[in-house]
Amino acid sequence: MRILLADDHVLFREAMMLFILSLRPDWKIDISSSFTEAYQKLENGSTYDLVLLDLRMPGMNGTDELSTLIKHYPNQYAAILSGVAEEHHVHETMAMGSRAYFPKTLSGKVLVRAIELVISGQKFIPMDETGQKLMPAYYDDYQEIQNAEISTASDSEDLADNAIETLTPREREVMQHLAQGLSNKDIAENMTLKISTIKLHVGNICKKLNVENRTQAAIIAYQYGLTTSMHMGTDSL
């Protein structure tokens, strides 16, 4: 797995690189401090599974450079990593062809899993704990951070715990496959079921977890350790 991380904040860039490698030591990560430097690597023939671009760094004039990269390298997966992006930035970059919008408020483990989902072919836009709004890319002050941490550690986790308890054994098995980044077709083949049946299960999972799409369900599955083989009971389809 090859990742190009372009961010002008040295501390953040190096910390992120070290964290990713601590979880995925077999990945190779190249770094750049500007868009110009990152683009030059592509011009020199380097290819990556994903190019991560900080929205505001030297050489980045809003979203114009992202558009340029995607236009000249249409087969190259690229995504935005930002600490200051607003909602209109998110919609604009995704419309341009960005594979994901990663706010810097994501936890390291979730970011790594989200990167894997994107590389597997999915798109990623994280939602806040309500599931109705985009996750903020930054917090305004210390009190807001404290409130967010309290909410994440108590209310939202309790809700997720309760929701997971309502899943049938079959739905838990589907979540396991979602966490591995598999498509509905692949899940159907692995479970020897029809694709329509898998779609029904995914829909039920999203409804029970109060999430909008399979990507968000996959993130929850990863957070709750539903990524390894587990004993499944029988239930009706």
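No lab work stands behind these numbers, since they all come straight from the coordinates. Predicted model, so just to flag it, every value in this text is computed and none were measured. Here the Cβ positions follow ideal geometry from the backbone for every residue, glycine too, while neighbour counts run over all protein chains shown.
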Derived scalar couplings ³J(HN,Hα) [region 12-28; Karplus, 6.51 cos²θ - 1.76 cosθ + 1.60; whole Hz; x for Gly, Pro]: 5, 4, 6, 5, 5, 4, 5, 5, 4, 5, 5, 8, 10, x, 7, 6, 10
Cross-link table K104/K208; K41/K104; K41/K199, entries beyond 31 Å C-alpha to C-alpha: K41/K199
R2 paired with N44, simple spin-label distance in nm, labels 7 Å along Cα-to-beta-carbon: 1.2
Positive-pole candidate from F12, L111, F35, dipole of region 1-120, charges at beta carbon: L111
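Applying 1/(1 + (r/R0)^6) with R0 = 35 Å to the Cβ-Cβ distance of D64 and E14, what FRET efficiency is obtained, to the nearest 0.05? Mind dumping the intermediate values first?
Numbers: r = 27 Å, r/R0 = 0.78.
The computed FRET efficiency comes out at 0.80.
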Anisotropy class of region 1-128 from Cα gyration tensor, a/c 1.5 cut: rounded
